[in-house]
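Encoded as structure tokens, the structure appears first; notes follow it.
The values are calculated or read from the model by the stated rules, or taken from the named source; none is laboratory data. Computed from a predicted model, the values in this text were never measured in an experiment. Positions of Cβ are backbone-derived with ideal geometry, glycine not excepted, and every protein chain shown enters the neighbour counts.
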Amino acid sequence: NRRMLILLGVAVSLGAIYAVIQLGGGNDTARPVPPPSAEGGVVRTPPIAYEEGPFLPPLSSFPAIANRPLFRPDRRPPAQPVVDVPVNQPVTQPATDRPPDFVVVSVVTGPNGRGAASVRVNGETRRVYAGDMVGNWRIDAIRHDGVQVSSGRERWALPVGEPED
């Protein structure tokens, strides 16, 4: 049968090529690199950037996350709300340099502008929403990069993660 002879010829040709490559091949055969010897020189390695602390780099290191939100159909960030500040009310600075005594663990914002945050107070983690109270602090706003809180005339913007000491 003519087809059988062609198939047999192709198989024999491929087998011969395989045998030549495996049994001696040419100089282009890949060979393992021997490990460096003690007197052979110094092995250099590229520098590795290590992140300090238990958290990832700040969210500002990843602008694509804020610029193209995953859960919005148009992949555009939500419009920032416009807040009218009365002219006769001066903006006050915090009365003390002590931030609130809780840590923002995570924030989640949805496509409708609402959000939730997880905060850790005295070792206990709990979920809060805008308007909730944590101790004497009122949660004013939950943004993609942290939480804004106020107590009396003090106002703080707390980022996600442990504060730097």
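What to note about this one:
- Residues located in region 139-165, provided they are among the small types (Gly, Ala, Ser), modelled with pLDDT of 85 or more and surrounded by 15 or more Cβ atoms within 10 Å (Cβ to Cβ): Ala141, Gly146, Ser150, Ser151
- When residues of region 98-107 are limited to those that are surrounded by 13 or more Cβ atoms within 10 Å (Cβ to Cβ) and either assigned to a loop (DSSP other than H, G, I, E, B) or without any contact (Cβ under 8 Å) to a residue 12 or more places away in the chain (or both), the one nearest to the chain's Cα centre (by Cα): Phe102
- Contact map, region 130-150: residues that are without any contact (Cβ under 8 Å) to a residue 12 or more places away in the chain paired with residues that are assigned to a strand (DSSP E or B) and aliphatic (A, V, I, L, M), Cβ distance under 7 Å, separation 6+ or inter-chain. Pairs shown: Gly131/Ile139; Asp132/Ile139; Gln148/Ala141; Gln148/Ala157.
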